[in-house]
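Worksheet for the structure shown next.
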Amino acid sequence: MWTYMVVGPFNDDRAGFDAWLASCETSTDPLFYTVISTETGKAMGYTSYLRIEPKVGVIEVGNITLSPALQRTVMATETMYLMMKRVFDELGYRRYEWKCDSLNAPSRSAAARLGFTYEGIFRQATLYKGRNRDTAWFSILDSEWPALKTRFEGWLSATNFDADGRQRVALRDAGQAPT
């Protein structure tokens, strides 16, 4: 879980983790959010907005760290939808970015599934944990948001799930007219 994160792993260092969390509470860029289960009320992960540039209308989502119990769930998808909705509908940004280590296949797959457009690799974009990191860049533009929002809302609709909670229509096909 910590391989591609700038911080961690904390392993048996609870004090170090708590100190890092305390620094997140006061940070404004990145601006952290806790993902809380609506069923249990327990924290299931965190995410943030970062590289917040209101003057040019660009913002990035990052530091996405979800419990294994939350990964690949409806709630995880809804979390990302709500963050996008805030960026475009409430804050009026024109560009929403997702960047990840180019080796992080699950993150790249998630970005594509969520509707981000792959833009390429920035080679040796940064250093962390003692190695060069090539960064994969993805984005969603404000002009793309209305169609993507319709897909999310169609996918998140209760009618898209059967009695066992399995999706009827994939996110990529949700909200589109039948063919």
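The values are calculated or read from the model by the stated rules, or taken from the named source; none is laboratory data. Just so we're clear, the structure is a prediction, and the values are computed from it rather than from any experiment. Note that each Cβ is placed from the backbone with ideal geometry, even for glycine, and that neighbours are counted across all protein chains shown.
Give the residues of the stretch 110-120 that are outside any strand (DSSP E or B), over 20 Å from residue 1 (Cβ atoms) and among the small types (Gly, Ala, Ser), sorted by residue number.
Scanning the stretch 110-120 gives 112, 115.
Report, by residue number, each residue of the stretch 121-144 that is farther than 22 Å from residue 72 by Cα, within 18 Å of the chain's Cα centre (by Cα) and not charged (D, E, K, R).
Answer for the stretch 121-144, where residues must be farther than 22 Å from residue 72 by Cα, within 18 Å of the chain's Cα centre (by Cα) and not charged (D, E, K, R): 135, 141.
Out of the residues in the stretch 154-174 that are outside any strand (DSSP E or B) and touching a residue at least 60 places away in the same chain (Cβ under 8 Å), state the one that is nearest to residue 111 (Cα to Cα).
171
Could you pull out every one of the strands (runs of 3 or more DSSP E) wholly within the stretch 1-109 that has 1 or more residues that are more than 17 Å from the chain's Cα centre (by Cα) and at pLDDT 95 or above?
43-53
Across the stretch 77-95, which residue is farthest from residue 6 (Cα to Cα) among those that are surrounded by 15 or more Cβ atoms within 10 Å (Cβ to Cβ) and hydrophobic (A, V, I, L, M, F, W, C)?
Restricting to residues being surrounded by 15 or more Cβ atoms within 10 Å (Cβ to Cβ) and hydrophobic (A, V, I, L, M, F, W, C), the top hit is 88.
Residues of the stretch 105-146 being touching a Gly at 6+ places or on another chain (Cβ under 8 Å) and closer than 17 Å to residue 171 by Cα, which ones?
Once the filter is applied, which keeps residues that are touching a Gly at 6+ places or on another chain (Cβ under 8 Å) and closer than 17 Å to residue 171 by Cα, the stretch 105-146 yields 140, 144.
Being in contact with a helix residue (DSSP H, G or I) (Cβ under 9 Å, 6 or more places away or on another chain) and either farther than 24 Å from residue 2 by Cα or β-branched (Val, Ile, Thr) (or both): is that true of residue 154 here?
The answer is yes for residue 154.
Just checking, does the stretch 44-58 include any residue being small (Gly, Ala, Ser) and farther than 20 Å from residue 138 by Cα?
Checked against the condition, which is being small (Gly, Ala, Ser) and farther than 20 Å from residue 138 by Cα, the stretch 44-58 yields at least one hit.
Within the stretch 1-16, track down each residue that is closer than 24 Å to residue 106 by Cα and either touching a Phe, Trp or Tyr at 6+ places or on another chain (Cβ under 8 Å) or loosely packed, with under 11 Cβ neighbours inside 10 Å (or both).
2, 3, 6, 7, 8, 9, 10, 11
Conditions tested, residue by residue: (1) acidic (Asp, Glu); (2) farther than 28 Å from residue 161 by Cβ; (3) in contact (Cβ under 8 Å) with a residue 12 or more places away in the chain; (4) surrounded by 15 or more Cβ atoms within 10 Å (Cβ to Cβ).
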position: 53; (1), (2), (3), (4): yes, yes, no, no
position: 61; (1), (2), (3), (4): no, no, yes, yes
position: 65; (1), (2), (3), (4): no, no, yes, yes
position: 75; (1), (2), (3), (4): no, no, yes, yes
position: 97; (1), (2), (3), (4): yes, yes, yes, yes
position: 101; (1), (2), (3), (4): yes, yes, yes, yes
position: 117; (1), (2), (3), (4): no, no, yes, no
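Restricting to the stretch 121-138, what's the tally of residues that are in a strand (DSSP E or B) and more than 23 Å from residue 83 (Cα to Cα)?
Matching residues across the stretch 121-138 total 12.
Would you call residue 151 within 25 Å of residue 93 (Cβ to Cβ) and surrounded by 10 or more Cβ atoms within 10 Å (Cβ to Cβ)?
Judged against the criteria, residue 151 is a match.
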